[in-house]
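Quick notes on the structure that follows.
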Amino acid sequence: MSRLLIKILWYQLKDRRTDLIGDNSYNDPINITNSVNMDVARGLDIKNNILRISLKNECIAFNEDSTNSYIYVNDRKQTIFQEQDQFKVFLHYSDDFAEIESSVWNRDDTSEPSSDYLRGVYYLIEFNPTNGLNGSSYKLTCADKTYILFNKLNPKGYFSESENLTAPMMIQKIVRFASQNKFGDYFGDGEDAGVKYDIDAKLVSNGGYIQDTRKSTYEDGTTNSDTTFPVVTLAKIWKPVYEWINDLSQMEYINTAAELENSGGKKIVYGRPFIYWVDENNKFHWLETSDSYNSSITYGTTAGLYELSLTKKVFDSTNMIIFRGGEDLYGHGTLDYEIDATSDVKTRKMRVMPFTDIAKKWIEKEISLGHITVNASGVYTYSGNRYNPIAFGFTTSWGVNTSGFSNDDYNDSLITRILKDGKARSKGLLAGLSQARYSGTISTKGKVYVQGNLIKLTDSRIGINNELVRIMDIRDNITKDGWFTQLSLEQDAKAIIQGNVS
């Protein structure tokens with residue numbers, strides 16, 4: 001019979017060098033395994049990468065002044081928890097007696113077990129002390145580096161195709177921007193050689209996990225000879241890093257314009273978005289989805305499976321988005337729509353979305369670059385002011401050369417870019433809204449699963465036969481009764497086979 005091995009190491013903040021996670025130094029670890037109930041969550045949505053720990057604040061001494069001393073309160077009667085304290089969680093089921101008896105799993109040992117059993121490294125973001133009839137306790141909420149770093153705002157835009165950046169190259173730059181740290185665990189490569197980072201963001205071609213070669217087939221199975229990602233531009237200045245990555249994972253940026261338009265005999269290479277996550281060793285993954293599954297689970301046969309619950313959602317689906325992209329240079333609104341051509345919901349389920357920030361972003365960028373200037377008799381109107389363009393021949397912030405343009409041509413080019421961005425954003429939303437597909441949970445005995453992996457699921461009792469579902473979120477619950485894992489599952493959107501989907 002296997003035995004659950006748990007180890008929680010708490011590293012108290014020693015020196016807050018900066019406000020950046022990872023720039024700080026820590027004291028030697030404290031083993032707090034003996035008093036822990038906790039939930040550990042990791043998923044494709046980085047906002048879910050949270051650790052919650054419940055600790056009993058035990059009395060450890062009776063003082064001469066008739067007061068008590070408590071384990072998590074110092075001599076000044078203050079809590080010893082601090083924001084950015086670090087916690088490392090190790091979990092492992094073992095039936096190897098030598099491993100079970102190993103000193104590394106002792107409750108007073110402070111060394112780290114094998115990294116194979118590391119479920120995550122987390123940092124304290126809030127704590128909740130309580131006191132009542134049953135004694136005092138602490139509830140700690142911690143987030144991993146991904147949650148913290150990927151919420152950073154990226155102040156840079158990539159406006160010109162002359163930079164020759166593909167989606168994977170741009171994602172690498174953005175992740176490295178968010179995680180650069182002179183105390184980091186990983187070194188960059190190429191032009192970033194010698195620079196340290198908290199998150200490893202290497203391309204597959206350089207030994208990492210960011211896919212930088214496209215597949216050699218189109219979605220219809222025929223041969224694709226262009227395995228190079230297209231050069232892209234994107235301007236989402238002062239937007240969170242995760243929003244950049246999410247947009248760059250959409251079809252607009254991983255297929256060429258000809259493939260998306262189904263022109264010149266081109267077909268779609270990727271008919272659904274890429275997925276991405278950071279693993280427990282802080283290595284960034286970005287890759288295509290496929291129908292190749294990683295494991296099979298059959299209810300009634302697979303060991304350790306306790307419960308399966310699935311829902312096939314239809315009525316809350318959306319398969320058409322009508323969006324407002326904001327006002328153009330003449331003050332006229334822009335409006336377009338996007339339809340998910342693969343949706344199996346037969347009726348149109350529409351949603352109107354305000355994307356007015358798109359136009360504002362591009363116009364303000366053109367103003368900042370001096371492409372349009374304030375003029376009382378100007379031909380354009382924006383934010384209560386009149387503007388005129390400078391002499392045409394410049395390259396716009398969205399990468400179009402304006403040689404030979406008229407005022408209307410310039411405005412039309414802006415509208416084209418607004419609508420392109422609006423469609424890309426709509427596709428990203430529709431990918432999660434338009435399909436009637438299975439979603440649900442599986443509860444199992446504690447086991448290490450990988451977010452993003454595809455599972456072939458079967459349960460003959462309820463009519464589930466070889467359905468492919470993806471692990472979206474993993475939640476480990478550890479109590480005195482053991483370690484239990486709940487997987488949140490969701491079917492992928494159907495792939496678009498050819499372009500002109502709108």
Query raised in the report: If you take the residues in segment 171-187 that are out of contact with any Asp or Glu (no Cβ under 8 Å at 6 or more places or on another chain) and surrounded by 20 or more Cβ atoms within 10 Å (Cβ to Cβ), which one is modelled with the lowest pLDDT?
Result: A178
Query - Filtered residue count, segment 359-375, keeping only those that are in a loop (DSSP other than H, G, I, E, B) and either within 38 Å of the chain's Cα centre (by Cα) or at pLDDT 95 or above (or both) - result: 3
Report task. Would you confirm whether any residue within segment 29-45 is over 21 Å from the mean Cα position of the chain (by Cα) and among the acidic types (D, E)? Result -> no
Requested in this report: For D340, state whether it is buried (at least 16 other Cβ atoms within 10 Å of the Cβ), more than 30 Å from T402 (Cβ to Cβ), under 24 Å from the mean Cα position of the chain (by Cα) and at pLDDT below 90.
Outcome: yes
Report task. Identify all residues within segment 94-136 that are more than 19 Å from V40 (Cα to Cα) and in a strand (DSSP E or B); write none if there are none. Result -> S94, P129, T130, N131, G132, G135, S136
Query raised in the report: Of the residues S377, S406, which single one is assigned by TED's automatic domain parsing to the domain that holds I339 and out of contact with any strand residue (DSSP E or B) (no Cβ under 9 Å at 6 or more places or on another chain)?
Result: S406
Query raised in the report: For segment 436-456, how many residues are under 21 Å from the mean Cα position of the chain (by Cα), in a loop (DSSP other than H, G, I, E, B) and more than 18 Å from I6 (Cβ to Cβ)?
Result: 4
**Report entry** Single residue of segment 96-121 satisfying the filter (in contact with a strand residue (DSSP E or B) (Cβ under 7 Å, 6 or more places away or on another chain) and either without any contact (Cβ under 8 Å) to a residue 12 or more places away in the chain or exposed (fewer than 13 other Cβ atoms within 10 Å of the Cβ) (or both)) that is farthest from D28 (Cα to Cα)
**Finding:** R107
Query raised in the report: Yes or no: R417 surrounded by 18 or more Cβ atoms within 10 Å (Cβ to Cβ) and within 36 Å of the chain's Cα centre (by Cα)?
Result: yes
Requested in this report: For segment 247-255, indicate whether the set of residues that are outside any strand (DSSP E or B), surrounded by fewer than 21 Cβ atoms within 10 Å (Cβ to Cβ) and of a type in the set (S, T, N, Q) is non-empty.
Outcome: no
Query raised in the report: Does at least one position in segment 329-336 carry a residue that is assigned to a strand (DSSP E or B) and at pLDDT below 75?
Result: no
**Report entry** The lone exception for T18 - which of (1) within 23 Å of P113 (Cβ to Cβ); (2) among the polar types (S, T, N, Q); (3) at pLDDT below 80 it fails
**Finding:** (1)
Report summary line: Per the list (1) in a loop (DSSP other than H, G, I, E, B); (2) surrounded by 18 or more Cβ atoms within 10 Å (Cβ to Cβ); (3) of a type in the set (F, W, Y), residue check on Y410 breaks on (1)
Report task. Return yes or no: is K239 out of contact with any Phe, Trp or Tyr (no Cβ under 9 Å at 6 or more places or on another chain) and crowded, with 16+ Cβ neighbours inside 10 Å? Result -> yes
Query raised in the report: If we scan segment 295-308, do we find a residue that is under 24 Å from the mean Cα position of the chain (by Cα), hydroxyl-bearing (S, T, Y) and either surrounded by 20 or more Cβ atoms within 10 Å (Cβ to Cβ) or at pLDDT 85 or above (or both)?
Result: no
Requested in this report: Answer with yes or no whether L124 is within 23 Å of P240 (Cβ to Cβ) and touching a Pro at 6+ places or on another chain (Cβ under 7 Å).
Outcome: no
Query raised in the report: How many residues are more than 20 Å from the chain's Cα centre (by Cα) and of a type in the set (K, R) if we restrict to segment 170-223?
Result: 4
Report summary line: By residue number, the members of segment 215-236 that are small (G, A, S), modelled with pLDDT of 90 or more and within 17 Å of S292 (Cβ to Cβ) are S216
Report summary line: Listed by first then second residue, the pairs whose first member lies in segment 147-170 and is farther than 20 Å from F274 by Cβ and exposed (fewer than 15 other Cβ atoms within 10 Å of the Cβ), whose partner is of a type in the set (A, V, I, L, M) and modelled with pLDDT under 75, with beta carbons under 9 Å and at least 6 positions apart or on separate chains, are L153/I237; P155/I237; K156/I237
Query - Set G378, G422: member being under 40 Å from the mean Cα position of the chain (by Cα) and at pLDDT below 95 - result: G422
**Report entry** Filter result for the condition that a residue is in contact with a strand residue (DSSP E or B) (Cβ under 9 Å, 6 or more places away or on another chain) and surrounded by fewer than 19 Cβ atoms within 10 Å (Cβ to Cβ), over D192, D200
**Finding:** D192
Query raised in the report: Looking at segment 434-488, which of its residues are surrounded by fewer than 17 Cβ atoms within 10 Å (Cβ to Cβ) and touching a helix residue (DSSP H, G or I) at 6+ places or on another chain (Cβ under 9 Å)?
Result: V448
Query raised in the report: G271: surrounded by fewer than 16 Cβ atoms within 10 Å (Cβ to Cβ), modelled with pLDDT under 90 and of a type outside the set (S, T, N, Q), yes or no?
Result: no
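The values are calculated or read from the model by the stated rules, or taken from the named source; none is laboratory data. Predicted model, so just to flag it, every value in this text is computed and none were measured. Quick reminder, even Gly has a Cβ in these numbers, built from the backbone with ideal geometry, and neighbours come from all protein chains shown.
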